[in-house]
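Here's the structure, in structure tokens; my notes come after.
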Amino acid sequence: HSLGLFNTWITSVENWIDVIFIILVVFMAIVMNTGALSLPDFRYISAVFFVVLCGKMIYFLKDIVIDFAIFVNLLLYIVTHLVPFLISLLVFLIMFAQIFNTVFMDKPNYCTPCKHKGDSNCAAEDEIHNFCTFNSSLFHVFLMLLGEVDEDPFKSDVFAIIFFYIFMFLVVI
């Protein structure tokens, strides 16, 4: 007759952190003894190892210090209720990145690199701007969200300035 203890053990986050920690300790011991990884890979795995180690410490402190347990539970409550906001923020960022990328994509003197010197319908290689690819557009929309705003690229196009103002209004909200 089973008491269901394995199901209790397998569903516990603390136990999974312990298992991952044991696996990482064994892996790191093997890597350090054999030199099997390159230095950058070793640094990345060490960073993951450090995160797991900090997670173990947080769970340990949560179990023995009541004030820390309250703090951790409050932090988890806030993060779980923050997820819908972050999803809607991500939707807005992707939406405006696509809008700005579409507006500036084929704009003369903006995204088209020059093939010949002195050509007036293109941009110099060092003047290719922020919204020419979707990745750079998403990155610069995120920077605009953080407050690094330059409205100069938007001044030359009516639709771009309208969407810029809409973005700035929505970001403030």
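The values are calculated or read from the model by the stated rules, or taken from the named source; none is laboratory data. Not measured: the values here are computed from a predicted model. A quick note on method: Cβ atoms are made from the backbone with ideal geometry, for glycine too, and the neighbour counts reach across all protein chains shown. Just so you know, the surface numbers come from the protein's heavy atoms only, side chains and all, with ligands and any DNA or RNA stripped out. Shrake-Rupley method; radii C 1.70, N 1.55, O 1.52, S 1.80 Å.
Name the helices (runs of 4 or more DSSP H) wholly within region 1-103 that hold at least 3 residues that are among the aliphatic types (A, V, I, L, M) and either on the phi < 0 side of the Ramachandran plot or out of contact with any strand residue (DSSP E or B) (no Cβ under 7 Å at 6 or more places or on another chain) (or both)?
13-34, 39-64
Would you confirm, using the coordinates I've provided, whether Val141 is under 15 Å from Ile99 (Cα atoms) and of a type in the set (A, V, I, L, M)? Working first, answer last.
Details: under 15 Å from Ile99 (Cα atoms): yes; of a type in the set (A, V, I, L, M): yes.
So Val141 fits the description; yes.
Is it the case that region 112-132 has a residue that's assigned to a helix (DSSP H, G or I), at pLDDT 80 or above and exposed (fewer than 10 other Cβ atoms within 10 Å of the Cβ)?
No: region 112-132 contains no residue that is assigned to a helix (DSSP H, G or I), at pLDDT 80 or above and exposed (fewer than 10 other Cβ atoms within 10 Å of the Cβ).
I need every pair where a residue in region 43-66 that is more than 15 Å from Asn15 (Cβ to Cβ) and touching a residue at least 24 places away in the same chain (Cβ under 8 Å) has its Cβ under 8 Å from the Cβ of a residue that is open to solvent by less than 60 Å² (accessible area, probe 1.4 Å) and part of a helix (DSSP H, G or I), sequence separation at least 6 or different chains.
Taking only residues 6 or more apart or on different chains, the pairs are Val48/Leu24; Phe49/Leu24; Phe49/Met28; Leu53/Phe21.
What number goes with the only condition from (1) surrounded by 11 or more Cβ atoms within 10 Å (Cβ to Cβ); (2) farther than 30 Å from Phe134 by Cα; (3) modelled with pLDDT of 85 or more that Cys54 does not pass?
Here Cys54 clears every test but (1).
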